[in-house]
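> Can you keep this structure in mind? I'll have questions shortly.
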Ligand SMILES: C[S@@+](CC[C@H](N)C(=O)[O-])C[C@H]1O[C@@H](n2cnc3c(N)ncnc32)[C@H](O)[C@@H]1O
């Protein structure tokens, strides 16, 4: 079999992006608007957004939690995958990001189903644990502070319904480097891999996605 080369890897990623890009002009322009407003370009790519939408839609889609809203790009994909009366709670500690995302959720037509919770993910999760019914969350996307991923996992686990899907970004690397260089989320990856209540795997899309289904 022909070997993978850096050039082939780039070509394949371009090919995927050509075939599976943004579905509409609003999403296609969102991160450019965010950059113009001074937000960092650290959203998921369109193909990862699609995967989030597909996975959210493969659950009953009643309630979803996202940790790390940024400009609302991934949140729009998730919200569109939910049931018609489904709800997304997305958590963001930076008020500028939260304000920007709220405006984008409105333009995307999903403001009625998305609530932006402002604050640190660990603090907001502690509130949600006392607010939400156990086993009521169908979909979770973790994309906030990487060293805190194990804490996020421990907090959301009892909230997740049987059959619920958890996705985490940057599990194989960040903008600072790759997992073989000490970046990524190795303690979290090992925690989920060893948890018998989840069937999990990873995909080397972008900087690595972990996907886990609660049994
Ligand atoms: C990688 S970005 C999220 C990208 C977004 N999920 C997307 O793909 O469109 C991470 C976001 O998490 C926020 N964040 C970082 N640490 C956080 C924390 N401890 N609690 C809440 N938000 C946090 C940052 O301000 C940033 O907006």
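Readers should treat all values here as calculations from the given coordinates under stated rules, not as data from a laboratory. Since the model is a prediction, treat every value here as computed from it, not as a measurement. Positions of Cβ are generated from backbone atoms using ideal geometry, with glycine treated the same way; all protein chains shown enter the neighbour counts.
> What is the log10 of I(q)/I(0) for segment 67-200, computed with the Debye formula using one identical point scatterer on each Cα and no solvent, at q = 0.18, 0.20 Å⁻¹?
Per q value, in the given order, log10 I(q)/I(0) is -1.06, -1.27.
> Quick one: grab the alpha carbon gyration tensor of segment 1-104, order the square roots of its eigenvalues as a ≥ b ≥ c, and give me rounded if a/c is under 1.5, else prolate or oblate depending on whether a/b is larger than b/c.
oblate
> Let me know the volume per residue of the alpha-carbon convex hull for segment 125-215, in Å³. Working shown, then result.
On the way: hull volume 7.4 nm³, N = 91.
Dividing the Cα hull volume of segment 125-215 by its residue count gives 82 Å³.
> May I pose another question? Would you mind putting 131-141, 76-86, 9-19 in packing order, based on average other-beta-carbon counts within 10 Å, highest first?
76-86, 131-141, 9-19
> Next up: Which distance in nm do the two modelled labels at residue 33 and residue 106 give, with both placed 7 Å along the Cα-to-Cβ direction?
Each label point is offset 7 Å from its Cα along the Cβ direction, giving 1.1 nm.
> Can you put 90, 174, 107 in order of Cβ neighbours within 10 angstrom, beginning with the fewest?
So the residues, fewest neighbours to most, are 107, 174, 90.
> 7 Å from Cα along Cα→Cβ at both residue 58 and residue 12: what's the point-to-point distance in nm?
1.9
> A further question on this structure: Could you tell me the largest-minus-smallest coordinate of the C-alpha atoms of segment 132-171 on each of the three principal axes, in descending order and whole angstroms?
Reported extents, whole Å, longest axis first: 26, 15, 12.
> Next question, about the same structure. Could you work out how much longer the chain between residue 132 and residue 175 gets when fully extended? Use 0.36 nm per residue separation minus the Cα distance between them, nm to one decimal. Don't skip to the answer; put the middle values down first.
Working: separation 43, 0.36 × 43 = 15.48 nm, distance 3.38 nm.
Length gained between residue 132 and residue 175: 12.1 nm.
> Translational diffusion coefficient of segment 85-127 at 37 °C, 0.692 mPa s, Stokes-Einstein with Kirkwood Rh over Cα pairs, in µm²/s as a whole number. Working shown, then result.
Working: Rh = 10.7 Å.
The Stokes-Einstein estimate is 307 µm²/s.
> Could I ask something else about it? Contour minus end-to-end for residue 215 and residue 1, with contour as 0.36 nm per residue of separation and end-to-end as the Cα-Cα distance?
My answer for the length gained is 73.4 nm.
> Something else now. Given Cα positions, please report Rg to Rh for segment 5-58, the hydrodynamic radius being the Kirkwood one.
Radius of gyration relative to Kirkwood radius: 1.03.
> In addition: Let a ≥ b ≥ c be the square roots of the eigenvalues of the Cα gyration tensor of segment 62-111; is it rounded (a/c under 1.5), or, if not, prolate (a/b larger than b/c) or oblate?
Judged from the Cα gyration tensor, segment 62-111 comes out oblate (a/c at least 1.5, b/c at or above a/b).
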